[in-house]
Each structure stands twice: as C-alpha cells, then as structure tokens.
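Chemist: Here you go, one structure.
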Amino acid sequence: MAVSKGQEAEKIRAAIRAGQFLFGENRVQEAHKKWPALRREFPQIELHLIGPLQTNKAAEALSLFDVIQTLDRPKLAETFAKSMNGVRTREFFIQVNIGKEPQKSGIAPEEAPDFHKFCAHDLALPVTGLMCIPPEGVEARPYFRQLREMAANMGLPQLSMGMSGDFDIAAEEGATIVRVGTALFGAR
Ligand SMILES: *Cc1c(COP(=O)(O)O)cnc(C)c1O
C-alpha cells in the first residue's frame, strides 16, 4: 500500500500512472478533500483508512474507504453495524495495540479474540484481518510474529503490518499488506 497522507494529488497521480492502485490515508477530512476527484479519474483505485476514527465520522468513513483498518472499540463497531446499507466499505481490519502502549489506539491483544467475535458474529461486520503499529525504537519482528499468530488463531487471512523502516521484516513475517509512505513518496 502507498500511504499518501500529506501528499499532493499530483504525486498521487504519478504513482497511479506508474501502476500503484492501493492507497492508505489516515484522516477522513484529508481523504474527503483529495480522493473523490482522483476516484473519478481512476475508478480502479482502492483506498483504505489507516488512522484512528472518531465515532461521529464513522458514516463519512464508510462512504470514502473500501477497507477500514482501524476498527478498535465496541462503540465504533456498533456504529458501523447500524449504517452498513449501501456503503462503499466492504471489509474491516481490527487494529491491535500490539505493544500495549497507552498513547496508541487499538484493542489490547488479550481482548482481541472476544472483540473479533463481537464484531463478526454479534454484529455481522465483515472482518477480514488485523493491523498493528509496533512500538518505535525496538525490534519489530517479535510484534509482527505475535500479530501473525493472533490472526491465524482467529482465522483472519489479512495482516497489515510494516512501514517504510521495517516493511521487509513484516513481509518475512507474513504481512499481506505493508503500508509504505516516505520510502515511496519522500518526506512529507
Ligand atoms: C504514516 C503511516 C504509515 C507510513 O509511514 P512511513 O514511515 O511514511 O512509511 C503507515 N501506517 C500508518 C498507520 C501511518 O499512519
């Protein structure tokens, strides 16, 4: 995935013309400004939300993103479940706070299996994967490995992990999507 937050439409167009079609944005407001016009130009592109979502922006996110990778709390899941008719979003990933960092969003690893059951069974949301952002400044591989094991135990095929600094390690550990911004576009 090319992470296009903070990048101008012209740079995004160049990436699409070069063959990139999967993109990630971390803010609803920014995606709303940039992507409707780009989608008209390039209907084949796929857009994922990779940033934290306020409940009051849930409906707008469902109209903008093909996949929402940051499902992280029961209140948000309940809000989605009430508004799924006719929306663009067709899959959700659960974001796991894999390093249990207080400042990071994501469900705690030990709560993830029950949260998955709640979303997929009780609310019938189409959950297909897990996503994480490991702690900075320490080796990421053990966290990637833990997320892969969690996804396997929960029967989820998609694993979104790895960024510019560690996407190669994430790929070795089984990532199905790596989220690469600066290594593709340069500094934001
Ligand atoms: C910005 C961002 C990325 C990309 O980070 P780079 O270091 O620029 O590759 C990946 N994932 C998330 C959730 C992000 O917010």
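Chemist: Need pairs with beta-carbon distance below 7 Å; first residue at pLDDT below 95 and within region 123-148, second of a type in the set (Val, Ile, Thr); sequence gap 6+ or separate chains.
Modeler: none
Chemist: Any idea which of 53, 38, 125 is out of contact with any Ser or Thr (no Cβ under 8 Å at 6 or more places or on another chain) and either under 24 Å from residue 7 (Cα atoms) or open to solvent by 70 Å² or more (accessible area, probe 1.4 Å) (or both)? Give the derivation first.
Modeler: Working: 53 fails: out of contact with any Ser or Thr (no Cβ under 8 Å at 6 or more places or on another chain); 125 fails: either under 24 Å from residue 7 (Cα atoms) or open to solvent by 70 Å² or more (accessible area, probe 1.4 Å) (or both).
Every option except 38 fails the conditions.
Chemist: Let me ask another. Of everything in region 145-165, what is away from the ligand (no atom under 16 Å from the Cβ) and either of a type in the set (A, V, I, L, M, F, W, C) or more than 15 Å from the chain's Cα centre (by Cα) (or both)? Give them in sequence order.
Modeler: Pass one, region 145-165, residues away from the ligand (no atom under 16 Å from the Cβ): 145-146, 148-157.
Correct list: 145, 146, 148, 149, 150, 151, 152, 153, 154, 155, 156.
Chemist: Further, regarding this structure: Applying the selection to region 56-89, what residues are small (Gly, Ala, Ser) and either out of contact with any Ser or Thr (no Cβ under 6 Å at 6 or more places or on another chain) or open to solvent by 10 Å² or more (accessible area, probe 1.4 Å) (or both)?
Modeler: Initial filter on region 56-89 (small (Gly, Ala, Ser)): 58-59, 61, 63, 77, 81, 83, 86.
Within region 56-89, 59, 61, 63, 77, 81, 83, 86 meet the criteria.
Chemist: While we're here: For the condition open to solvent by 20 Å² or more (accessible area, probe 1.4 Å) and closer than 26 Å to residue 20 by Cβ, what is the one hit in 144, 118, 167, 92?
Modeler: Going through 144, 118, 167, 92 in turn, just one is open to solvent by 20 Å² or more (accessible area, probe 1.4 Å) and closer than 26 Å to residue 20 by Cβ: 167.
Chemist: Return the only residue of 112, 81 being touching a strand residue (DSSP E or B) at 6+ places or on another chain (Cβ under 6 Å), away from the ligand (no atom under 14 Å from the Cβ) and not in a loop (DSSP other than H, G, I, E, B).
Modeler: 112
Chemist: Residues that are in a loop (DSSP other than H, G, I, E, B), within 18 Å of residue 147 (Cβ to Cβ) and in contact with a helix residue (DSSP H, G or I) (Cβ under 7 Å, 6 or more places away or on another chain): does region 91-98 have at least one?
Modeler: Checking region 91-98: at least one residue is in a loop (DSSP other than H, G, I, E, B), within 18 Å of residue 147 (Cβ to Cβ) and in contact with a helix residue (DSSP H, G or I) (Cβ under 7 Å, 6 or more places away or on another chain).
Chemist: Using the structure shown, decide if residue 182 is more than 9 Å from the ligand (Cβ to nearest atom), at pLDDT 95 or above and among the polar types (S, T, N, Q). Show your work before the answer.
Modeler: Working: more than 9 Å from the ligand (Cβ to nearest atom): no; at pLDDT 95 or above: yes; among the polar types (S, T, N, Q): yes.
No: the conditions fail for residue 182.
Chemist: Output the residue which, of all residues in region 5-18 that are under 15 Å from residue 42 (Cα atoms) and within 16 Å of the ligand (Cβ to nearest atom), is surrounded by the fewest Cβ atoms within 10 Å (Cβ to Cβ).
Modeler: Going residue by residue through region 5-18, those that are under 15 Å from residue 42 (Cα atoms) are 9-18.
Still in the running and within 16 Å of the ligand (Cβ to nearest atom): 11-12, 15.
Values: 11: 14, 12: 20, 15: 17.
Selected residue: 11.
Chemist: A follow-up question, please. Quick test of your reading of the structure: residue 130 fulfils all but one of (1) open to solvent by 30 Å² or more (accessible area, probe 1.4 Å); (2) in contact with a Leu (Cβ under 6 Å, 6 or more places away or on another chain). Name the failing condition by number.
Modeler: (1)
Chemist: A further question follows. Considering each residue of region 1-16, count those that are of a type in the set (Lys, Arg), more than 19 Å from residue 160 (Cβ to Cβ) and touching a strand residue (DSSP E or B) at 6+ places or on another chain (Cβ under 8 Å), and give that number.
Modeler: 0
Chemist: Another question, if that's okay. Pick from 42, 65, 23: which is within 13 Å of the chain's Cα centre (by Cα), farther than 22 Å from residue 186 by Cα and either within 15 Å of the ligand (Cβ to nearest atom) or not β-branched (Val, Ile, Thr) (or both)? Step through it out loud before you land on a result.
Modeler: Numbers: 42 fails: within 13 Å of the chain's Cα centre (by Cα); 23 fails: farther than 22 Å from residue 186 by Cα.
Residue meeting the stated conditions: 65.
The values are calculated or read from the model by the stated rules, or taken from the named source; none is laboratory data. Predicted model, so just to flag it, every value in this text is computed and none were measured. Reconstructed Cβ throughout: ideal geometry from the backbone, glycine too, with neighbour counts over all protein chains shown. Heavy atoms of the whole protein, side chains included, go into the accessibility calculation; ligands, DNA and RNA do not. Shrake-Rupley method; radii C 1.70, N 1.55, O 1.52, S 1.80 Å.
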